[in-house]
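Remarks on the structure that follows.
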Amino acid sequence: MASSPSPLAFQSDRPRAPPPPPGGEDPASALGSGASVSGSGGGFGAGCGSARRRASGKAAAGGRRFGRQQSFGREIGHAAAETYLITRLSFTLLRYLGVGYRWITKLLALGCYAMLLMPGFLQVAYYYFFSSQVRRSIVYGDQPRNRLDLHLPKNMDGPKPVVAFVTGGAWIIGYKAWGALLGKQLAERDIIVACIDYRNFPQGTISDMVNDASEGIPICLIYLMGQSAGAHIAACALVDQAVKESRGESISWSLSQIKAYFGLSGGYNLFSLVDHFHNRGLYRSIFLSIMEGEKSFKQFSPEVKVQDPSIRNAASLLPPILLFHGTGDYSIPSDASKNFGATLQNVGAKAEVVLFDGKTHTDLFLQDPLRGGEDELFDHLVAFIHADDPEAQARDATAPPRTRLVPELLLWLARRMSPF
């Protein structure tokens, strides 16, 4: 049934994405009751996008639309195609890396770390590939890997908050499926999650990544979130958008759509991180290639860019920013979030830094969620998103504890084996 545009809708002038290739899904079929789909293929969620394509109906009708339309063979074929892509990019990357002691030891540690957490990863993979609540590989642009995954609550009757999530991966191994655990757990609290994929190095450099993330941001009121490298990319896209709007340039989405930005374990000043990453195995030559040379550090350092007097007015356009970081993070020290938060406050932006004592780079995003039960970061996110919804708060208060996915011994060993 057609309906009038929502007051939350934001009309985009983005060109329509091309039809999805095999393995990609038409975004217009990805949502059911209480949701809408933009003509650009990028917008979704309650009140999102234009009025060209809108879905309506009761939960039962939505449930029928959520029914799987892909055969088991197509599911396996899609998984194989994605695996081939990642493998091919990995071998291309090896040609850049050459032979080095640090990255080889990191790679071996990563393999052991993944094996220890495999009981949880297999459960999440089953959900990701076979749950009717997941809509994978929705095309949002015309570049390679311009796709996103949509994680939907079971009950899609009525408006739902939307979180657009940009995954981490050291700008090299990022992938939309890495957000499946977050998507699954937030969907259990009636929150729609869109995990945005983007070109990684060497398929693309930092400007490609930022452009992809910006293109994939839904055309609606959302919460924007990024983790690790994804936090950096999302912050770059956010600051770039603020600069464009402050100058009156043409835009395809507006900062007024972003209710808040959540940065998890991110780095926001490339000048202060290049040597740190080199010492941890992401060699300076590779890092400079990813970031398009040291001449581009200012452009892709949100902490530095917001201090530029010529764009000082842009800071006031930024949405509320919450930066989360563990004090035991050795991959990206917590000073990265503390310094960025202080800088944002100094230039007039609304920013808050939340530190988690002793937590490492992977504790907040992997070990703690896989442990189940209480999770301080997760509770903080849900409480912020549901702050203006008393009914959702009441449901959160009575929600069952999250299921443990990995035994404590394996989590303990993984934490000590983690290369991050």
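The values are calculated or read from the model by the stated rules, or taken from the named source; none is laboratory data. Just so we're clear, the structure is a prediction, and the values are computed from it rather than from any experiment. Cβ: placed from backbone, ideal geometry, glycine included. Neighbour counts: every protein chain shown. When the accessible area is computed, the model is the full protein with side chains, heavy atoms only, and any ligands, DNA or RNA have been set aside. Shrake-Rupley method; radii C 1.70, N 1.55, O 1.52, S 1.80 Å.
Brief remarks follow.
- Subset of region 300-338 that is of a type in the set (S, T, N, Q) and modelled with pLDDT under 95 - its residue that is most open to solvent (accessible area, probe 1.4 Å): N313
- Selection of region 285-299 for residues being open to solvent by 70 Å² or more (accessible area, probe 1.4 Å) and among the charged types (D, E, K, R) yields E294, K295, K298.
Here's the yes/no breakdown for (1) in contact (Cβ under 8 Å) with a residue 40 or more places away in the chain; (2) over 21 Å from Y268 (Cα atoms); (3) part of a loop (DSSP other than H, G, I, E, B):
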site: G341; (1), (2), (3): no, no, no
site: Q345; (1), (2), (3): no, no, no
site: A349; (1), (2), (3): yes, no, yes
site: L355; (1), (2), (3): no, no, no
site: L364; (1), (2), (3): yes, no, no
site: F384; (1), (2), (3): yes, yes, no
site: A394; (1), (2), (3): no, yes, no
site: L410; (1), (2), (3): yes, yes, no
site: A414; (1), (2), (3): yes, yes, no
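- Qualifying residue in region 105-115 (condition: over 18 Å from Q367 (Cβ atoms), open to solvent by 60 Å² or more (accessible area, probe 1.4 Å), among the hydroxyl-bearing types (S, T, Y) and at pLDDT below 85): no
- Any hit, region 393-411, residues being open to solvent by 60 Å² or more (accessible area, probe 1.4 Å) and within 20 Å of P320 (Cβ to Cβ): yes
- Hey, S254 in contact (Cβ under 8 Å) with a residue 40 or more places away in the chain and open to solvent by 10 Å² or more (accessible area, probe 1.4 Å) or not: yes
- Condition met for E249 (farther than 24 Å from L224 by Cβ, exposed (fewer than 15 other Cβ atoms within 10 Å of the Cβ) and either in contact (Cβ under 8 Å) with a residue 12 or more places away in the chain or not aromatic (F, W, Y) (or both)): no
- Some residue of region 212-227 being under 23 Å from A349 (Cβ atoms), in contact (Cβ under 8 Å) with a residue 12 or more places away in the chain and more than 13 Å from the chain's Cα centre (by Cα): yes
Yes/no per residue for (1) out of contact with any strand residue (DSSP E or B) (no Cβ under 9 Å at 6 or more places or on another chain); (2) within 20 Å of S254 (Cα to Cα):
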site	(1), (2)
G174	no, no
I191	no, no
Y198	no, no
P202	yes, no
S207	yes, yes
S214	yes, yes
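- Filtered residue count, region 186-216, keeping only those that are open to solvent by 10 Å² or more (accessible area, probe 1.4 Å) and not in a loop (DSSP other than H, G, I, E, B): 5
- Condition check for T403: farther than 30 Å from E245 by Cα and more than 21 Å from the chain's Cα centre (by Cα): yes
- Total residues in region 141-177, condition at positive phi and open to solvent by 30 Å² or more (accessible area, probe 1.4 Å): 1
- Among residues that are within 30 Å of A315 (Cβ to Cβ) and open to solvent by less than 60 Å² (accessible area, probe 1.4 Å), F356 is included.
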